[in-house]
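A short write-up of the structure that comes next.
Values in this text are rule-based calculations from the coordinates and carry no lab data. Since this is a predicted model, take the numbers as computed values, not measurements. So basically every Cβ, Gly included, is an ideal-geometry build from the backbone, and we count neighbours across all protein chains shown.
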Amino acid sequence: MRAEIINFEDLSDSREMLEAKEPNFIVTFIYLVLAIVVVALVWMWFGEIDIVVKATGVVRPIQNVSLIRNVNGGKIKEINFQEGEKVNKGELLYVIDTASLDLQKETDTKEIIKLEGEKSSLLKLEKSIKENKAFMDKDNLKYYNRYLVYKSKLQQLKLNYQKAKNRYIREKSLSDHSTTKSTLEELKSEYDYAELSMKSYRSEILVDLKDGIESTEDKLIQLKQQLENVKESIELSQVRAPITGKVQVLEKFNKNDYIPAGTEVLRIIPGEGTNLKMEITVRNKDISQLEAGQKVKYRFLSLPYKEYGTLTGKLTKISSDATIGQQNNASLPYNVEATIGGTKLYDKKGQAEFIKTGMLSEVRVVVRRKKILYIVLEKLDFIS
């Protein structure tokens, strides 16, 4: 087959196409693409993105939840709370019947008054014996008679002593022919015994009184302590809220039901608007990247972030050791605490929803910021 040669001048249409200028829209498109590429490169160079550690957290009150445990067993006399009801600090929650405690209080009070009277009488009797003068009230027959009995016996002992002394002196004054040595020794023994009996009687009475006073004081101390315990039990039978918050019933009771001592009756959970914190569980492999003061972002499971947005906070506390639990021995997570910068979120309509204790959250801790260009290059495996 023979090739056909055609002159360039004969190709009029092709030459026109080659000699024609490019359309303006093509030039504009090329410059636009170049501009977009340049802007993208500049944006990726100057732009930064958050590098985060993801974890899970639960909202807790800064003020701990208060557990109400019944102290005194007894019948419920009065109930003033309901599930979910808000109570204020110091508000009366329920009352335990204290009839038996009131009776014990009355009995102990009377016994204390009685013992204090006995102690006072014993002290007066002791003073009367020491000073040999009656300080006793004659209306107090029991102790006044004791003093009279003491005086009477002491007087009798003094008479016996004086008689023995006189016999001994009289016998001693006789001549040697009128008495014997054995008679003198016998009278001397009687005289010494009478003197000893007189002196020892007073001492024995004072010792007995001292023992009685000390015994009475010991009984008073025990009774007063017992009375204080009874008063405390009566006071604890009126159970009041230690903090302000909402009631969570743990054990249901009705009026007149018996409630044993030690029963966990309810919890009081600090309500909305109180200071909250986030307790975060961080995986062991991520803990080295965290430090106090880092920014934290929260997305709450019950409040979708696309509608309600997010809240932020800062890390405040990182546990010094991993948590070792029966279910988490393999992962050994760390406990971390962070602040929550707000107590409510707003939806697109402007309606507020409070953050509640116990809400779960997806937590993102911002550990550093990185240029977008580096991230793109890493994704393309240009850098490692």
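Put a dot 7 Å past each Cα toward the Cβ at Glu279 and Asp208; how far apart are the dots in nm?
Modelled inter-label distance: 6.8 nm.
Give, in nm to one decimal, the length gained when the segment between Val58 and Glu362 is fully stretched (0.36 nm per residue of separation minus the Cα-Cα distance). Before the final figure, lay out each step's value.
On the way: separation 304, 0.36 × 304 = 109.44 nm, distance 0.90 nm.
Gain in length upon complete extension: 108.5 nm.
At a 10 Å Cβ-Cβ cut-off, how would you order Val52, Val42, fewest neighbours first? Walk me through the numbers on the way to the answer.
Details: Val52 18, Val42 11.
With the fewest neighbours first, Val52, Val42 line up as Val42, Val52.
Taking neighbour counts of Cβ atoms within 10 Å as a proxy for exposure, in what order, fewest first, do Ile76, Ile268, Ile280 appear? Don't jump to the answer; show the numbers that get you there.
Numbers: Ile76 18, Ile268 23, Ile280 26.
Starting with the residue having the fewest Cβ neighbours, the order is Ile76, Ile268, Ile280.
Could you list Thr244, Thr263 so that the one with the fewest beta carbons within 10 Å of its beta carbon is first and the one with the most is last?
Listed from fewest to most nearby Cβ atoms, that is Thr263, Thr244.
Between Ile129, Ser215, Ser197, whose Cα lies farthest towards the positive end of the dipole of the range 99-237 when Lys and Arg beta carbons carry +1 and Asp and Glu beta carbons carry -1, centred on the Cα centre?
Looking along the dipole axis, the top candidate is Ser197.
So for the range 57-204, Kirkwood radius off the Cα pairs, Stokes-Einstein at 20 °C and 1.002 mPa s: how many µm² s⁻¹?
Details: Rh = 23.1 Å.
In µm²/s, the coefficient is 93.
Place a point 7 Å from the Cα of Tyr201 along the Cα-to-Cβ direction; which residues of the range 157-173 have their backbone N under 17 Å from it?
Once the point is set 7 Å along Cα→Cβ of Tyr201, 157-166 turn out to lie under 17 Å by backbone N, inside the range 157-173.
Nothing charged except the Cβ atoms of Lys and Arg (+1) and of Asp and Glu (-1): what's the magnitude of the dipole of the range 117-170 about its Cα centre? Round to the nearest 20 debye.
Details: 15 positive and 5 negative charges, 92 e Å.
Computed charge dipole of the range 117-170: roughly 440 debye.
About its Cα centre, how strong a charge dipole does the range 99-237 have in debye, to the nearest 20, once Lys and Arg get +1 and Asp and Glu get -1 at the Cβ? Numbers along the way, then the final one.
On the way: 27 positive and 26 negative charges, 215 e Å.
Dipole of the range 99-237, to the nearest 20 debye: 1040 debye.
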